[in-house]
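Undergrad: One structure follows; several queries about it will come next.
The values are calculated or read from the model by the stated rules, or taken from the named source; none is laboratory data. The structure displayed is predicted, hence computed values, not measured ones. Neighbour counts run over all protein chains shown; Cβ positions are idealised from the backbone, glycine included. Ligands, DNA and RNA are excluded from the accessible area calculation, which covers all protein heavy atoms including side chains. Shrake-Rupley method; radii C 1.70, N 1.55, O 1.52, S 1.80 Å.
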Amino acid sequence: MTLFRPRYRSINTPAPLGMVLTYIILGIWAFVVLFPLYWLVVTSVKLPLDVNRGPVYIPFVDFQPSPHAWIYIFTDLRNDTVRPYINTVVVSLTSTALALTMGGAAAYALTRFTYRPKLGTILTFLACALLAFVALFFGVPWQLAVVAAIAVFILLLQTIAKRFKRSMGNNDIAFWMISQRILPPVAVVIPIYLIYQRLGLLDTWAALIITYVAANLPIVVWLMRDYFQTIPLELEECAAIDGASRYRTFWSIVLPLSLPGLVATFLFVLVFAWNEYLFALFLTGANSQTLPLTIAAQNATRGPQWWYMSVLILIMIIPVIAMAIILERYIARGLLVGAIKG
Amino acid sequence: MNALVAWFDSMATNVFILPAVLVILFLALVPLFLSLYVSLTRLSFGQGSFVLTFVGLDNYAKLLVGIDHVHFLGLWADPSPIGWLVLGLVILAFAWWLIRYVRGGEFAVGGLVGRIVVASVVTVLVWIMVQTIANSGRPGTVGVTLIYVFVDMFFQYMIGLGLAMLCIQHIPGRRFFRVVFLLPMMITPVGVAYTFRMLADTYKGPFYPVWIALGLGGTSWADNAWGARIAVMVGDIWQWTPFMFIVLLAALESQSIEEVEAAVVDGANQWQIFWSITLPSILPVSTTLILIRMIEAFKIIDLPNVLTNGGPGTATESMSLHAYTLWRVLDVGGSAAIAYMLLILVTFSAMSFVNLVRTRAQAVI
């Protein structure tokens, strides 16, 4: 007798014993997942006395719930809660929208156009960019540094860069973009911090938005490239025959067809930007602080204030969880396509 | 006007890709080179601002053989007999693998060199681990990071696979389970860390009766090196199992059922079906999934920082956290040096995994 029957489209319920076991195991893991969330909710309505005197589990039975923490966070600390919340929302949504636009365009370009960038051009460009940044380091005003770098680049392009004939292809570009994900943030955050300081961008929305876009572009390119590869070329050729420009084709035909992928990528990138801690820690101050920092800051001198922290964690995760529940069916499909094609 | 539009249209190839390329170039690649330079310098304060003095490979030497090497690599000790056994087995396995490659059909010098590099680096890492995990030794941040990555990935994959296999059955309520199992991935790691700190508290946490029953009532896991590490690993596994679960679930759901039906008709039992049909079909997805998760896992910093602040001493300090603490004390050179070594470690792992395991697995289908 088999405990589990293999999956069929028509007969796919397991034998009764298998069903019971399945429910037990799934129930155990569901408990493992939901209990910490339950504990968060319960802690957010406990008085400090109730938190510290030992574990109490059920409101109204073990202890009297009190909304003191919620009231404190929303009224006494209103500005200090609302401002990080707004910062988080603005930074996440903006950086996700930008990342999707730029990354989607790049992914589309990598599947439809053929690029043959010459190695010489790339290296000279890199060298000039480095030169500009080093100049920025040493205090040269950024306008001057940029203009000088561009001039040097054009000069070198005409002379030396033409010598190197070797060129790379689409796959190299895609591989390079996607491999940026390997970069540990700690490796790049120090120069980025210094550059933003020179540009006066520290503690602004722009700093975080630009950084998150750069950090999430690899994911967008990875996931969207596979989606665009599944869209047949004939549709776009028809549109081209009818006189549509490349931009029009991309906007009106390709994007609507790849909506599931877009939604999955959007959610993925949004969650990443919403929860991000390291870059926010380095690059923000009091003005543009985001919610993860506010949560970490509840660790006060008298020990972590669990009740306030629970409230903050809850208001931070509720929108994301709501979105995840609504968009759940897209996530699996989006991640899977990226994983299979690799 | 028309000429302008036509020119703009012909520039479409560049317009589509340049923004992304430029952003990544300026914010990922250029800072990488600058970071390399910073890792070769030492920061000090000069007139009105800071000064970066070039010191060559001093920062790296300090971490690998100098005064910081105990913190970074760990405290050497004589390996236990099990340690010697593990090391011996690893060396033998690699020797057999290399010999098989040399004797095998397609032999290329580049391939041999690559394999030798992989074998030697992995052997060195195993040597470090075995030396430091012995009773009188102490793993450094490299060892701790490796423990985190491999133990966490193993459990995440196993639990994710088990849950996915259970969830593809058509039982009432599976949508509920799918949504619920997705949730931990959505929570900010800082939130997860604080939540787990609350939960694991042995005096005030909800599991207090459990600790009492186990006899651990008066102790605190935060005092014990391995207890703290296990706490961090539990938090990490809790948070990232959904990622493995959701992708494996989608992969399992998309496998063809004809093979399974044919196998059932031929009398295969459930274990044979799993081993010979299901596993090979999800192997490509699994390897990509493991690659993605491995790359992310090496960067772990939020959980050890918040949950244990590096642990009793430096017991739970990962390499990212080590770099962060050095940055806090303004040793930016040392911080960049550790970040670079982490980058090298991750790149090495990813490349060897891709070249040796993943291409083989992709070819299975």
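Undergrad: Could you run through the stretch B:126-173 and say how many residues are touching a helix residue (DSSP H, G or I) at 6+ places or on another chain (Cβ under 8 Å), at pLDDT 85 or above and closer than 30 Å to B:Ile277 by Cα?
TA: 16
Undergrad: List pairs: first in the stretch A:229-240 and assigned to a helix (DSSP H, G or I), second open to solvent by 80 Å² or more (accessible area, probe 1.4 Å) and of a type outside the set (Asp, Glu), Cβ under 9 Å, 6+ apart or cross-chain?
TA: Close Cβ pairs (under 9 Å, with a partner that is open to solvent by 80 Å² or more (accessible area, probe 1.4 Å) and of a type outside the set (Asp, Glu)) amount to A:Gln229/A:Lys341; A:Leu235/A:Leu257; A:Glu236/A:Arg246; A:Ala239/A:Arg248; A:Ala240/A:Arg246.
Undergrad: Further question: From the list B:Val118, B:Val149, which residue is under 30 Å from A:Trp29 (Cα atoms) and crowded, with 17+ Cβ neighbours inside 10 Å?
TA: B:Val149
Undergrad: Out of the stretch A:256-289, which residues are within 19 Å of A:Ile318 (Cβ to Cβ) and not β-branched (Val, Ile, Thr)?
TA: Step one: list which residues in the stretch A:256-289 are within 19 Å of A:Ile318 (Cβ to Cβ), which gives A:266-268, A:270-277.
Correct list: A:Phe266, A:Leu267, A:Phe268, A:Leu270, A:Phe272, A:Ala273, A:Trp274, A:Asn275, A:Glu276, A:Tyr277.
Undergrad: I've got another one for you. When you scan the stretch B:205-215, do you find a residue that is in contact (Cβ under 8 Å) with a residue 40 or more places away in the chain, within 11 Å of chain A (Cβ to nearest Cβ) and touching a Phe, Trp or Tyr at 6+ places or on another chain (Cβ under 9 Å), even just one?
TA: So the first thing to find is which residues in the stretch B:205-215 are in contact (Cβ under 8 Å) with a residue 40 or more places away in the chain, and the list is none.
No; the residues of the stretch B:205-215 include none that is in contact (Cβ under 8 Å) with a residue 40 or more places away in the chain, within 11 Å of chain A (Cβ to nearest Cβ) and touching a Phe, Trp or Tyr at 6+ places or on another chain (Cβ under 9 Å).
Undergrad: Would you mind finding the one in B:Phe177, B:Phe181 that is in the same structural domain as B:Tyr340 (by TED's automatic domain parsing) and open to solvent by 10 Å² or more (accessible area, probe 1.4 Å)?
TA: B:Phe177
Undergrad: Same structure again: When you check B:Thr132 against the structure, is it closer than 30 Å to B:Gln239 by Cα, in contact (Cβ under 8 Å) with a residue 24 or more places away in the chain and either not polar (S, T, N, Q) or not in a strand (DSSP E or B) (or both), yes or no?
TA: yes
Undergrad: Provide a single number: the residues in the stretch B:200-218 that are open to solvent by 70 Å² or more (accessible area, probe 1.4 Å) and outside any helix (DSSP H, G or I).
TA: Qualifying residue count for the region: 3.
Undergrad: Could I ask something else about it? Say whether the condition of being assigned to a loop (DSSP other than H, G, I, E, B), open to solvent by 20 Å² or more (accessible area, probe 1.4 Å) and either closer than 25 Å to B:Ala251 by Cβ or modelled with pLDDT of 75 or more (or both) is met by at least one residue in the stretch A:26-48.
TA: Checked against the condition, which is being assigned to a loop (DSSP other than H, G, I, E, B), open to solvent by 20 Å² or more (accessible area, probe 1.4 Å) and either closer than 25 Å to B:Ala251 by Cβ or modelled with pLDDT of 75 or more (or both), the stretch A:26-48 yields at least one hit.
Undergrad: Pull up the stretch B:242-276, narrow it to residues that are of a type in the set (Val, Ile, Thr) and open to solvent by 30 Å² or more (accessible area, probe 1.4 Å), then point me to the one that is farthest from the other protein chains (Cβ to nearest Cβ).
TA: Narrowing the stretch B:242-276 to residues of a type in the set (Val, Ile, Thr): B:246-247, B:257, B:260, B:264-265, B:273.
Applying the additional criterion that residues be open to solvent by 30 Å² or more (accessible area, probe 1.4 Å) yields B:264-265.
Details: B:Val264: 6, B:Val265: 11 Å.
Top of the filtered list is B:Val265.
Undergrad: I've got another one for you. Name, by its number, the condition in (1) open to solvent by 10 Å² or more (accessible area, probe 1.4 Å); (2) under 19 Å from the mean Cα position of the chain (by Cα); (3) of a type in the set (S, T, N, Q) that does not hold for B:Gln239.
TA: Unmet for B:Gln239, out of (1) open to solvent by 10 Å² or more (accessible area, probe 1.4 Å); (2) under 19 Å from the mean Cα position of the chain (by Cα); (3) of a type in the set (S, T, N, Q): (1).
Rundown of residues vs (1) under 24 Å from A:Ala207 (Cα atoms); (2) within 11 Å of another protein chain (Cβ to nearest Cβ); (3) more than 22 Å from the chain's Cα centre (by Cα), yes/no style:
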position	(1), (2), (3)
A:Tyr277	yes, yes, no
A:Thr284	yes, no, no
A:Ser288	yes, no, no
A:Asn299	no, yes, yes
A:Pro304	no, yes, yes
A:Leu314	no, yes, no
A:Ala324	no, yes, no
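Undergrad: List the residue pairs whose Cβ atoms are under 6 Å apart, where the first residue sits in the stretch B:44-64 and is farther than 14 Å from A:Phe138 by Cβ, the second is among the charged types (D, E, K, R) and modelled with pLDDT of 85 or more, and the two are 6 or more positions apart or on different chains.
TA: B:Thr53/B:Arg42; B:Val55/B:Arg42
Undergrad: Restrict the check to the stretch A:156-163 and report whether at least one residue is part of a helix (DSSP H, G or I), within 17 Å of B:Phe33 (Cβ to Cβ) and modelled with pLDDT under 80. I'd like the intermediate steps shown before the answer.
TA: Within the stretch A:156-163, the subset part of a helix (DSSP H, G or I) is A:156-159, A:161-163.
Filter again for within 17 Å of B:Phe33 (Cβ to Cβ), leaving none.
Checking the stretch A:156-163: not a single residue is part of a helix (DSSP H, G or I), within 17 Å of B:Phe33 (Cβ to Cβ) and modelled with pLDDT under 80.
Undergrad: Now, a different point. If we scan the stretch B:325-347, do we find a residue that is closer than 17 Å to B:Leu63 by Cα, open to solvent by less than 10 Å² (accessible area, probe 1.4 Å) and touching a strand residue (DSSP E or B) at 6+ places or on another chain (Cβ under 7 Å)?
TA: Yes, some residue in the stretch B:325-347 is closer than 17 Å to B:Leu63 by Cα, open to solvent by less than 10 Å² (accessible area, probe 1.4 Å) and touching a strand residue (DSSP E or B) at 6+ places or on another chain (Cβ under 7 Å).
Undergrad: Another one. How many residues does the stretch A:140-157 hold that are within 14 Å of another protein chain (Cβ to nearest Cβ) and open to solvent by 50 Å² or more (accessible area, probe 1.4 Å)?
TA: Result for the stretch A:140-157: 3.
Undergrad: Can you tell me which residue in the stretch A:49-62 is least open to solvent (accessible area, probe 1.4 Å), limited to those that are assigned to a helix (DSSP H, G or I) and among the hydrophobic types (A, V, I, L, M, F, W, C)?
TA: The initial filter retains those residues of the stretch A:49-62 that are assigned to a helix (DSSP H, G or I), namely A:49-52.
Going one step further and asking which of them are among the hydrophobic types (A, V, I, L, M, F, W, C), we end up with A:49, A:51.
On the way: A:Leu49: 123, A:Val51: 13 Å².
By that ranking, first place goes to A:Val51.
Undergrad: If you scan the stretch A:238-271, which residues turn out to be open to solvent by 50 Å² or more (accessible area, probe 1.4 Å) and more than 10 Å from every other protein chain (Cβ to nearest Cβ)?
TA: A:Cys238, A:Ala240, A:Ile241, A:Asp242, A:Gly243, A:Trp251, A:Ser252, A:Pro256, A:Leu257, A:Leu259, A:Phe266
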